[in-house]
1. Sticking with the crude label model, points 7 Å out along Cα→Cβ, report the distance from Ala362 to Thr86 in nm, one decimal please.
2. If the limit is 28 Å between Cα atoms, which of Lys113/Lys145; Lys231/Lys374; Lys65/Lys96; Lys96/Lys335; Lys119/Lys172; Lys230/Lys335 go over it?
3. Karplus couplings for the range 27-33 from phi (6.51 cos²θ - 1.76 cosθ + 1.60, θ = phi - 60°), rounded to Hz, Gly and Pro as x?
4. Assuming R0 = 51 Å, what is the FRET efficiency of Leu350 and Glu174, from their Cβ-Cβ distance, to the nearest 0.05?
5. Put a dot 7 Å past each Cα toward the Cβ at Val281 and Glu94; how far apart are the dots in nm?
6. Would you please put 136-148, 282-294, 356-368 in order of how densely packed they are, using the mean number of other Cβ atoms within 10 angstrom per residue and starting with the highest?
Amino acid sequence: MRSVWFFLMQKRLLKKPSFIIILCLVFPLVFAFRACSEQKSGVLTVALFQKDDENNPQTEDFALKIMDELESSVPQLNFIRTDSETLARNLVKEKKADAAWIFDRNLERCFEKMGEDGKVKPVFTAVEGEESSALAFVREVLYTKIYPLFSYSAYKSFVTERYGKIPENQLKSEYQHFLENGSLFVHKSLSETEKAKTSFLLSPLRGLLALWFMICVFASTLYYIQDEKKKSFVFLRIHSPVKEFFFSLSMQAIPSFDALIVLFCALSFTGLCVNLSSEIVSLLMFFVSAVLFSNFLRLILKDEVRFCAILPMLILVILVSCPIFVNVGALNAVKYLLPPFYYLNAYGDLWYVRWFITYISALFFLSLGLSFLKSNL
């Protein structure tokens, strides 16, 4: 009987054009993000140019190696190779590039000389536009590629001076050995769940999909408020406050369940769903919490007009306070009241799962209490 009721409610929902439109909104969003992530997606553009050696008009292999390594290891930046220093500088002036990195002639010999005499001299010129925090991070990228090369030159000079001439391949082998077997840093993640390694452009998609899901749940609650107003289910004769409470939740959960299936498919299609069991658990918790939260608002506001009036502000608060694009430190007191905050943190962190369960339990008992009060008035 319950399955028949479920399919009857589904058939009823599919006749609502607004419900179909809300469900279909997710598809252009996902396809647009997927298409953008497969293209060049750098946050900044950097022009690269290597000055020709006076004795060798061709660009030296050492500089090419650095450029190749930058392009392959830093996908967050767009690199453009130019034919002249003037062109590289003009790209920055014309705002077509955020910075230009101009490497000096005979770069390898410059490092060797610095290692031998211990005098550090500039080996590249960084031409930049307006100062920004992103450019500061870009400089760090360049430093991570340049300083290891200087470090090897200093190491080679020290070892040669102390132990005499040693074959180049042996020097490189020993140097690489120490690089691979020692580090000043240990990188650890507090998350015990594997996360998707995708383009950074896809990183806000989970948050946007969570916001879309909340809109679907709000729409489900509005449908139920309209049904209550029309007394569509008066023939069921539900007299128990507990039964009425669970019935109202189930009627809001049926259309929300359809949105949950679409949300899971969207996450799978974009590659954001890595750990299947963890993803399913966090989505089910999000589903329950969203329905309880929306029902709690219905019990407080008691009216379709008031519920619709608060929705734009509520959606804006979710967009700002929950970690969709960045984790904003402000509005802490507000974000702990919103289901997307727990979902966006719990899918990759077991610590938040415990708080998510506590949040769902609190919402359940508060909603049940309000339902009892409403039935007794």
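Coordinate-derived values only; no laboratory data. Computed from a prediction, not measured in an experiment: that's the story for all the values here. Neighbour counts run over all protein chains shown; Cβ positions are idealised from the backbone, glycine included.
1. 6.7
2. Numbers: Lys113/Lys145 18 Å; Lys231/Lys374 17 Å; Lys65/Lys96 24 Å; Lys96/Lys335 39 Å; Lys119/Lys172 22 Å; Lys230/Lys335 34 Å.
Those over the limit are Lys96/Lys335; Lys230/Lys335.
3. For the range 27-33, the Karplus curve yields 5, x, 4, 5, 5, 5, 5 Hz.
4. On the way: r = 43 Å, r/R0 = 0.83.
In this case the efficiency is close to 0.75.
5. Distance between the two pseudo-spin positions: 5.5 nm.
6. Working: 136-148: 13.5, 282-294: 22.3, 356-368: 16.5.
Descending packing order for the listed peptides: 282-294, 356-368, 136-148.
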